[in-house]
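K.L.:
The structure's right below; bear with me while I get my questions together.
The values are calculated or read from the model by the stated rules, or taken from the named source; none is laboratory data. The structure presented is a predicted model; accordingly, all values stated were derived computationally and were not measured. Every residue, glycine as well, gets a Cβ built from its backbone with ideal geometry; the counts of neighbours run over all protein chains shown.
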Amino acid sequence: MKKIAFVCLGNICRSPMAEFVMKSLTNQIHVESRATSSWEHGNPIHSGTLKIFQDHDISYDKRKRSTQLTKSDFDEFDYLIGMDQENVHDMLKIAPTDCRAKIKLFDQTGVADPYFTGRFEETYQRVEKGCQQWLEDLKR
């Protein structure tokens, strides 16, 4: 079974959104999410993302808390998917050399952080489309 981790800055908005959207699409892939920073460490999912889950009937783990990326994650996961280019850059700085190929950008342009934009629905639309594309790619 493939193991992937979606990664964003705080692990309270985009990456948990991608985690649970992907889990709603398949149970054939092990999916988690992480943060590149410790700013939100231990905090719950952002209320804007929770509203998206409710509005779109997406199941999620109410115990989910922000978890910071560790060096061992690079060994554990097959892919570490940064939600934007800055997340990818931050992961490349700490990744072991032999694991850098596992780091990917979520989509061609990256997904803006709704923590700053307030556009959670727009983020959801991008995340849903991107997760469907990743699912297709991972099946190949």
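K.L.:
Test of understanding: among Asp75, Asp98, which residue is in contact (Cβ under 8 Å) with a residue 12 or more places away in the chain and either closer than 18 Å to Met17 by Cα or assigned to a helix (DSSP H, G or I) (or both)?
P.N.:
On the way: Asp98 fails: in contact (Cβ under 8 Å) with a residue 12 or more places away in the chain.
Within the list Asp75, Asp98, the selection yields Asp75.
K.L.:
It is to be established whether one or more residues within the stretch 53-64 are assigned to a helix (DSSP H, G or I), more than 15 Å from the chain's Cα centre (by Cα) and under 19 Å from Gln125 (Cβ atoms).
P.N.:
Yes, the stretch 53-64 has at least one match.
K.L.:
Could you list, in sequence order, the residues of the stretch 126-140 that are surrounded by 14 or more Cβ atoms within 10 Å (Cβ to Cβ), under 19 Å from Leu80 (Cβ atoms) and modelled with pLDDT of 95 or more?
P.N.:
If the condition is that a residue be surrounded by 14 or more Cβ atoms within 10 Å (Cβ to Cβ), under 19 Å from Leu80 (Cβ atoms) and modelled with pLDDT of 95 or more, then Arg126, Val127, Gly130, Cys131, Trp134, Leu135 are the ones that fit.
K.L.:
In addition: Of (1) in contact with a strand residue (DSSP E or B) (Cβ under 8 Å, 6 or more places away or on another chain); (2) more than 21 Å from Lys2 (Cα to Cα), Ile94 satisfies all except one. Which?
P.N.:
Single failed check for Ile94: (1).
K.L.:
Related question: Among the listed residues Ala5, Ala35, which satisfies the condition of being touching a Cys at 6+ places or on another chain (Cβ under 8 Å), modelled with pLDDT of 95 or more and under 19 Å from Thr123 (Cβ atoms)?
P.N.:
Just a single option satisfies the conditions, and that option is Ala35.
K.L.:
Go through (1) buried (at least 19 other Cβ atoms within 10 Å of the Cβ); (2) over 24 Å from Leu25 (Cα atoms) for Pro96 and report which single condition fails.
P.N.:
So Pro96 meets the others, but not (1).
K.L.:
Quick one: Val111 ticks every box in (1) buried (at least 19 other Cβ atoms within 10 Å of the Cβ); (2) in a helix (DSSP H, G or I) bar one, so which box is it?
P.N.:
Status for Val111: all satisfied but (2).
K.L.:
Same structure, new question: Considering Leu135, Leu80, which residue is in a helix (DSSP H, G or I) and either without any contact (Cβ under 8 Å) to a residue 24 or more places away in the chain or within 14 Å of the chain's Cα centre (by Cα) (or both)?
P.N.:
Residue meeting the stated conditions: Leu135.
K.L.:
Conditions first: (1) surrounded by 15 or more Cβ atoms within 10 Å (Cβ to Cβ); (2) assigned to a loop (DSSP other than H, G, I, E, B). Thr123 passes all but one, so which condition is the exception?
P.N.:
Here Thr123 clears every test but (2).
K.L.:
Considering only the stretch 1-52, how many residues are under 25 Å from Arg140 (Cβ atoms), β-branched (Val, Ile, Thr) and either under 9 Å from the mean Cα position of the chain (by Cα) or surrounded by 18 or more Cβ atoms within 10 Å (Cβ to Cβ) (or both)?
P.N.:
The number of residues fulfilling the criteria is 5.
K.L.:
Taking the stretch 5-37 only, how many residues are assigned to a helix (DSSP H, G or I) and in contact (Cβ under 8 Å) with a residue 60 or more places away in the chain? Steps first, please.
P.N.:
Pass one, the stretch 5-37, residues assigned to a helix (DSSP H, G or I): 14-25.
Remaining after also requiring in contact (Cβ under 8 Å) with a residue 60 or more places away in the chain: 14-15, 17-18, 21-22, 25.
Residues that pass the stated criteria total 7.
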